[in-house]
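Here is the structure we will look at.
The values are calculated or read from the model by the stated rules, or taken from the named source; none is laboratory data. Values in this document were obtained by computation on a predicted structure and should not be read as measured data. Cβ coordinates were reconstructed from backbone atoms using ideal geometry, including for glycine residues, and neighbour counts include every protein chain displayed. All accessible areas refer to the heavy atoms of the entire protein, side chains included, with ligands and DNA or RNA removed. Shrake-Rupley method; radii C 1.70, N 1.55, O 1.52, S 1.80 Å.
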Amino acid sequence: MAKFPFPDKDKHWQQFWKQYATFRHQNPSESSKPKFFVMDMFPYPSGSGLHVGHPLGYIATDIIAKYRKLQGYNVLHPMGFDSFGLPAENYAIQTGTHPAITTENNITRYKEQLEMLGLGYSDTAELRTSNPEYYRWTQWIFLKLFDSWYDRKLNKARPISDLTAHLSQFGTQNLDPAGGEILSFTAESWKALSEADQQKALLNYRLAYISYAPVNWCEALGTVLANEEVKDGLSERGGHPVTRIPMRQWSLRITAYSDRLLEGLDSLDWSDALKEMQRNWIGRSSGLEISFPLEGRAESLEIFTTRPDTLFGVSFLSVAPEHPLAASLLTAVQKEAGLAYIEKSKSRSERDRMADTKQVSGVFSGTYARHPFTGKEIPVWIADYVLAGYGTGAVMAVPAHDDRDFLFANHFGLEKKQVIQCPENFDNHAAAWTEKSGKALNSDFLNGLEVPAAIEKAIVEAEARGLGKRKINYRFRDAIFSRQRYWGEPIPIIFKGDIPYALPESELPLLLPEVESYKPTGTGESPLAAIESWVNLPDGSRRETNTMPGWAGSSWYFLRYLDAHNSKSFSDAEKAQYWLNVDLYIGGTEHAVGHLLYSRFWTKVLYDLGHSPVEEPFQKLVNQGMILGYRYYLEADVDNKIIYGLKNVPSGKATIKLEIPQALMAEHASFKKERLSELLEHHQLNPSGWKWEAPDGDFVETPAYTDKMSKSIGNVVNPDDMCQHYGADTFRMYEMFLGPLEQYKPWNTNGITGVHGFLKKVWNLLHNENDQLILTQEAPTKEELRLLHTLIKKVREDIERLSFNTSVPAFMVFANEMHRLACRKQEIWNSAIICLAPYAPHIAEEIWKEMGHSTSIFTATFPEFQAEYLVLDEINYPVQINGKTSSFTLTYPAGMDKNALEEAVRADEKLGEILKGRELKKLIVVPGRIVNLVLEG
RNA sequence: GCCGGGAUGGUGAAACUGGUAGACACGCAGGACUUAAAAUCCUGUGGCCCGAAACGGCUGUGCGGGUUCGAUUCCCGCUCCCGGUACCA
């Protein structure tokens with residue numbers, strides 16, 4: 001028998017591809033082929049390397065890239081590294097190793113692993129975000145954001161110079177910029193402002209602006225923490241308390257793009273789930289903003305509601321404790337209780353407030369407002385279920401038609417007035433009728449209208465009477481764009497006094513300076529602040545010491561892939577025109593509302609400013625599922641006497657459950673038992689030296705739980721081992737075979753032998769005992785050709801719809817059939833090996849070479865993969881069933897008429913026998929296979 | 001709570017537009033080769049029933065209904081699981 005030479009040969013082909021740059025893309029000027037741009041969400045190179053979960057998406061993009069190449073496309077399939085980030089910085093704090101060194105080592109390791117899997121990337125496109133040649137352009141884009149404002153009239157971003165020109169000519173007249181405060185100037189008053197005041201005003205409109213936002217401050221560590229570093233209000237490292245304190249921050253005005261980010265989703269080929277996540281995150285809701293005049297005061301209280309149809313059911317107003325008017329609303333009688341409540345709300349962390357959402361709390365302010373329509377007195381309450389940050393920070397409460405208001409009214413015994421008809425069987429004493437259906441009643445001019453019509457009418461009426469206006473609110477907030485950290489892109493800004501100025505483009509890249517210590521400064525500023533010589537400039541101005549957040553570099557990297565070494569521009573316009581947008585992007589759902597929203601935002605800004613030919617970066621996006629690791633537990637009933645270490649143990653028997661490491665599952669039962677006793681002791685459940693003894697002397701293995709693979713859980717399966725043992729091709733195919741790409745699935749190494757066996761079977765069929773390829777020049781039979789074309793069709797269709805898992809069985813069936821027929825015909829196998837190449841590139845290359853080719857299989861184009869091959873037509877085929885006429889779709893190769901097809905079916909040996917002399921009533925055929933056949937009688 | 005997705009043998013799963021449910025693989029059982037093992041190959045394998053066997057019958061895609069000549073697929077009502085999100089007015 002032939003000796004299957006894998007994985008031994010893997011390295012050879014990986015070297016070969018590298019040497020000949022097989023997977024390097026061609027620039028538009030060098031190629032007349034159609035383009036295909038496919039990419040993965042690039043990794044952060046962590047210290048622990050890849051586990052078997054990571055490559056899932058990488059293998060999928062690699063298969064489609066190789067397939068497109070064989071199809072004749074100019075393929076760009078790049079890989080890069082998101083190399084700024086916290087772990088390397090934290091490691092630097094602990095060990096003093098420069099993050100650049102750690103990062104470099106990790107990238108080296110990642111690249112080795114990626115190469116080991118036979119993944120073919122375009123070498124000239126590789127990038128890393130921490131490279132100055134890269135972050136130079138990240139800084140450049142930041143400056144573009146800083147130098148832009150959003151014109152809501154034209155619905156696009158424009159240079160600040162346009163704004164200043166308008167201001168000095170017309171003031172704020174005819175101007176509708178997205179901004180923080182609404183400012184108003186005449187041309188004269190604008191020109192009269194000092195330079196500093198003008199700059200301050202402009203900061204209100206820039207797409208990158210300064211704000212004061214709360215950060216996670218940890219006093220004990222003397223540093224600001226990222227959200228991921230805070231667990232349950234304590235720092236992840238050390239477990240010190242964390243408080244929220246406001247700090248000067250850069251923010252990006254992403255909210256200006258809310259509507260365009262929403263609308264853009266419609267044109268994208270993304271999953272509904274993902275689009276929905278982004279929609280929810282943006283959280284657009286339209287309604288009415290209306291003012292309630294306050295009794296005996298000049299001010300009014302502005303509230304926002306999405307249910308203006310229930311206006312006549314208002315029984316009180318609620319304002320957030322942080323509302324600017326909250327304290328001033330308190331009358332003398334209510335002052336003490338009210339202030340105490342406001343104080344208490346302040347001290348409660350956001351987390352605490354969220355934790356007990358079921359708890360109703362609030363206090364009456366003593367003040368009344370007047371209902372804008374009825375003039376009725378409405379009490380004003382202060383309640384922490386109202387969020388200061390959303391809408392106006394004040395709401396109208398309609399207990400009969402809102403759950404929260406209902407609970408609140410119940411708790412404080414406030415009035416509930418029904419204004420929307422609810423079904424008869426609905427008990428409106430037990431709950432609020434919150435459905436947006438039913439007719440309005442007790443509602444003056446709204447009576448009799450259905451909810452949607454009533455909403456509309458109420459808004460129109462409020463606007464007509466000058467009481468309020470239609471308003472759209474977003475849950476979405478502007479994106480905070482600074483980190484008080486070292487290992488990130490320096491922000492290219494200089495402060496003169498407290499006014500920020502852009503660093504001149506000629507001074508980019510602003511290099512990240514060396515620091516003596518990576519430790520936080522203790523003041524909350526980044527370690528950069530400690531470098532006096534860097535921060536202070538000769539003219540007395542100071543540099544910004546914040547750095548950019550992790551998502552800065554990843555928001556535009558797809559643009560850099562096209563032109564990774566351009567030192568003149570961030571990406572060449574001609575190349576961008578040719579390559580964009582990305583045809584397929586594969587990555588995890590964890591980036592659904594972060595990276596994917598930010599990169600859409602940046603792309604839109606660049607598009608508005610004329611730097612990007614497309615408005616949406618990623619046309620088609622697929623979320624690959626995660627590969628999970630198993631967690632094993634042993635479960636046993638034990639006597640509660642001996643487990644007093646556990647809390648809340650019920651009397652009598654109790655069940656304990658202990659997690660045990662994966663490696664242990666393979667061990668002998670008696671060893672496991674011993675080990676369980678050890679674990680019990682380790683967990684101090686058995687301090688009295690009791691020996692494990694379950695009633696039947698045994699324990700129960702619970703069904704395995706699955707969880708993310710992580711080093712700390714110890715359920716990581718390493719791709720290196722898999723590749724060493726079975727070879728990269730087996731591993732690649734097995735990862736695909738495991739199940740649908742999008743699905744979450746546990747890794748189970750057991751099945752891998754099936755895929756391995758298939759590849760060996762192919763090899764053994766084609767080689768003799770002396771490892772020589774034995775192919776014959778015989779003409780293939782009809783059956784062999786049919787099997788081959790079934791395979792080609794299946795592989796094509798599956799890859800086109802990204803269903804890689806169903807292609808693998810097609811290969812197996814084909815191999816089994818060829819084995820059965822002992823088919824070693826050159827004509828058949830030449831094509832079959834090309835089909836196999838995207839999945840098992842190493843084996844395909846080896847056989848290809850043995851067939852006498854001197855160049856890579858991937859430099860070939862395969863006509864059978866091209867569009868015009870196997871074009872199918874359809875006809876409607878009417879049939880009589882039980883006297884009724886139905887029609888069925890008949891699919892057949894182009895150029896073949898119905899009669900010819902039926903003839904062909906009848907000509908089939910077996911079918912001919914069955915069909916002889918009978919009428920064909922129904923026939924459903926796909927090429928090569930009859931799906932359904934109904935005969936008379 | 002709300003939004004999205006899902007449930008098919010012992011296991012991972014397939015079935016593309018409603019058309020032979022369970023392809024393919026793992027596992028298991030039996031067999032061939034072998035002194036033996038490994039490797040390789042062959043056969044069987046949803047459940048139940050009849051039968052010496054070939055053949056055959058019934059049943060079966062989470063549960064209950066419906067549409068249809070025909071439903072894993074479409075519709076209505078449930079149960080459970082997974083993911084996202086949450087005092088967003």
- Any residue at all in the stretch A:403-418 that is open to solvent by less than 10 Å² (accessible area, probe 1.4 Å), more than 9 Å from RNA strand B (Cβ to nearest atom) and more than 37 Å from the chain's Cα centre (by Cα)? yes
- Task: Inspect all residues belonging to the stretch A:157-174 and state whether any of them is at pLDDT 90 or above, charged (D, E, K, R) and more than 27 Å from A:Pro492 (Cβ to Cβ).
- Result: no
- Note on the stretch A:79-104: residues in a loop (DSSP other than H, G, I, E, B) and either touching a strand residue (DSSP E or B) at 6+ places or on another chain (Cβ under 6 Å) or of a type in the set (Asp, Glu) (or both) are A:Asp82, A:Ser83
- Query: Taking only pairs six or more apart or across chains, which ones have beta-carbon atoms under 7 Å, a first residue in the stretch A:844-856 that is farther than 13 Å from A:Leu70 by Cβ and open to solvent by less than 10 Å² (accessible area, probe 1.4 Å), and a second residue that is β-branched (Val, Ile, Thr) and in a helix (DSSP H, G or I)?
  - Reply: A:Ile847/A:Ile833
- Does the stretch A:793-809 contain at least one residue that is hydroxyl-bearing (Ser, Thr, Tyr), within 16 Å of RNA strand B (Cβ to nearest atom) and without any contact (Cβ under 8 Å) to a residue 40 or more places away in the chain? yes
- Considering the stretch A:736-767 alone, what residues qualify as being open to solvent by 40 Å² or more (accessible area, probe 1.4 Å) and farther than 24 Å from A:Cys823 by Cβ? A:Leu738, A:Pro740, A:Glu742, A:Gln743, A:Tyr744, A:Pro746, A:Asn748, A:Thr749, A:Asn750, A:Thr753
- Message: I'd like to check which helices (runs of 4 or more DSSP H) are fully inside the stretch A:150-229 and have at least 1 residues that are open to solvent by less than 10 Å² (accessible area, probe 1.4 Å) and within 28 Å of A:Pro549 (Cβ to Cβ).
- Response: A:160-170, A:195-203
- Query: Does A:Pro452 satisfy the condition of being within 16 Å of RNA strand B (Cβ to nearest atom), open to solvent by 60 Å² or more (accessible area, probe 1.4 Å) and more than 27 Å from A:Ala320 (Cα to Cα)?
  - Reply: yes
- Only one of A:Tyr578, A:Tyr518, A:Tyr561, A:Tyr501 is surrounded by fewer than 17 Cβ atoms within 10 Å (Cβ to Cβ) and aromatic (Phe, Trp, Tyr); which? A:Tyr501
